[in-house]
Amino acid sequence: MVLSEVYANAMKAEIHALASVGGEVLLVGGTEEIPGIQRVASNAGLRRTLGGTLTSLNVRMAASWLEHCEDGRLTSTATSDSWQRWASGVAEPERYNRTPISDEDVMAFIKRENASHPGISRSRLLRALRDGNQACEQSRFANLYIRAMGER
């Protein structure tokens, strides 16, 4: 299973029931260790190596886990050891030291950049803002974009 924290919480009873059945069960992501299920906790430090966004990191972690299956078994000690050796060698904690920016400044940035680059996507605008060492959370930026430009 590959589950975000939100989905794992929503499926908590089903996951615990599955654990009680026994068998080979692997959970990538989730929220907690559950006896009877081998869990690979999300590791944001792998995002750079595996690529993509944090939203889809668990899926890419699961694909990488499969590449480390030493003996064809998802939950073997050999597979777990292979994964742990690899992950500990490539994990890089992400640290951002960006400057907070006001709502008004974000909206001014959006309008200015959109005027300079008509049709630029919202995600590219956010990337440009962050590349300029400015801090703005994705959902906040989306709301400010709508306020600045209207829904598209």
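The values are calculated or read from the model by the stated rules, or taken from the named source; none is laboratory data. Bear in mind the structure is a predicted one, so any value in this text is a computation, not a measurement. Positions of Cβ are backbone-derived with ideal geometry, glycine not excepted, and every protein chain shown enters the neighbour counts. In case anyone asks, the SASA skips ligands and DNA or RNA and just uses the protein heavy atoms, side chains included. Shrake-Rupley method; radii C 1.70, N 1.55, O 1.52, S 1.80 Å.
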If r is the Cβ-Cβ distance from ARG98 to GLN38 and R0 is 35 Å, what FRET efficiency results, to the nearest 0.05? 0.45
Using only Cα atoms, tell me the angle between helix 57-67 and the longest principal axis of the chain; keep it within 0 to 90° and round to the nearest 10. 40 degrees
With springs only between Cα atoms under 10 Å, which of ASP81, ASP105, ASP71 fluctuates most in a Gaussian network model of the chain? ASP105
Can you work out the FRET efficiency for the pair HIS117 and TYR7, with r the C-beta to C-beta distance and R0 = 30 Å, to the nearest 0.05? 0.25
Using the heavy atoms of the protein chains and a 1.4 angstrom probe, tell me the accessible area per residue for region 47-98 in square angstrom. 64 Å²
Connecting C-alpha atoms closer than 10 Å in a GNM of the chain, tell me which of ALA78, ALA41, ALA135 has the biggest fluctuation. ALA135
About its Cα centre, what dipole magnitude does the chain give when the only charges are +1 on Lys and Arg Cβ and -1 on Asp and Glu Cβ, stated in debye to the nearest 20? 680 debye
Out of region 58-152, which chymotrypsin sites (Phe, Trp or Tyr not before Pro) are coil in DSSP terms and have no more than 12 other C-beta atoms within 10 Å? TYR96
Quick one: check the C-alpha center-to-center distance for region 47-101 versus region 18-34, whole angstrom. 18 Å
Compactness relative to 2.2 N^0.38 Å, alpha carbon Rg of region 47-94: 1.16
Percent antiparallel among DSSP beta bridges confined to the chain, nearest 5, equals 10 percent
Only loop residues by DSSP count here, and only those with at most 10 other Cβ atoms within 10 Å; note down the trypsin sites (Lys or Arg not before Pro) in region 55-106 that meet that. ARG95
For the chain, the longest principal axis of the Cα atoms and the Cα long axis of helix 138-149 enclose an angle in degrees, to the nearest 10, of 30 degrees
Tell me the net charge near ASP131. Cut-off is 13 Å between Cβ atoms, ASP131 excluded, with +1 for each Lys or Arg and -1 for each Asp or Glu. +3
Tell me the Rg and the Dmax, in Å, that the Cα atoms of the chain produce. 20.2, 60
How far is helix 103-116 tilted, in degrees, relative to the longest principal axis of the Cα atoms in the chain, given as a value from 0 to 90 rounded to the nearest 10? 80 degrees
Picking from LEU18, LEU27, LEU126, which is most flexible by a Gaussian network model of the chain using Cα springs under 10 Å? LEU126
So, counting K/R as plus one and D/E as minus one, what does the shell of residues with Cβ under 13 Å around HIS117 add up to? +4
Would you kindly give the portion of the calculated P(r) for region 12-76 that falls above 13 Å, as a percent of all Cα pairs? 65 percent
